[in-house]
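Since the structure comes first, as structure tokens, the remarks are kept for the end.
The values are calculated or read from the model by the stated rules, or taken from the named source; none is laboratory data. On a predicted model such as this, the values are computed, not experimentally measured, just so you know. Note that we place each Cβ from the backbone using ideal geometry, even for glycine, and neighbour counts take in every protein chain shown. For the accessible areas, the whole protein counts, side chains as well, though only heavy atoms, and no ligand, DNA or RNA atoms are used. Shrake-Rupley method; radii C 1.70, N 1.55, O 1.52, S 1.80 Å.
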Amino acid sequence: MIWELSLALIAVAFVALVIFLIKTLVAAEKSLDKTTQTLQDVQKTIDELSYEVKQVVRQVNDITGDVQHKMKQIDPVLESVKNVGEVLSEVTLATKQISTSVIEKFKKPSKRTESNHAPVPVVAAQIPNNPTTPNEVPSLPKSDPAKKQPDWIKVVDVAAVIWQKYRA
């Protein structure tokens, strides 16, 4: 009888084990179904995002090409600005040198007398628009003794004309 009871107990234990295994397998199946559904949703989202990302990349490429084209158009303007900066730097340097020499000239007492001092001609501030020859020097205005300009203004006028001729 012990054998029979042992076999019955083993059978009951096996049935209980099978029932728990069935419950576990059903729960695992539900989990796998949910996982499959989630993966399908993720795949669908990735496909949608992939299309949108491709569109964004195309737009970025178009914008990049447009920006490159516009930068090529702006390059001459930037080069001109650079040249203007260099010219202004040269003019500033020349003005600084002239002002330094004028200041030094005024600091030193003049050893020459007025009779030995030749007047510096006053130069017109503008160069004629259409000179007959490229090396034509602008005409000097007649001196008016009533309107005597200081020497440093004359020097600046001469320097301006020389500078304009040099740049032309």
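Things to note:
- Test result for residue 115, at pLDDT below 90, open to solvent by 80 Å² or more (accessible area, probe 1.4 Å), within 30 Å of residue 164 (Cβ to Cβ) and not in a helix (DSSP H, G or I): no
- Residue within the range 81-97 that is of a type in the set (Lys, Arg), surrounded by 13 or more Cβ atoms within 10 Å (Cβ to Cβ) and modelled with pLDDT of 50 or more present: no
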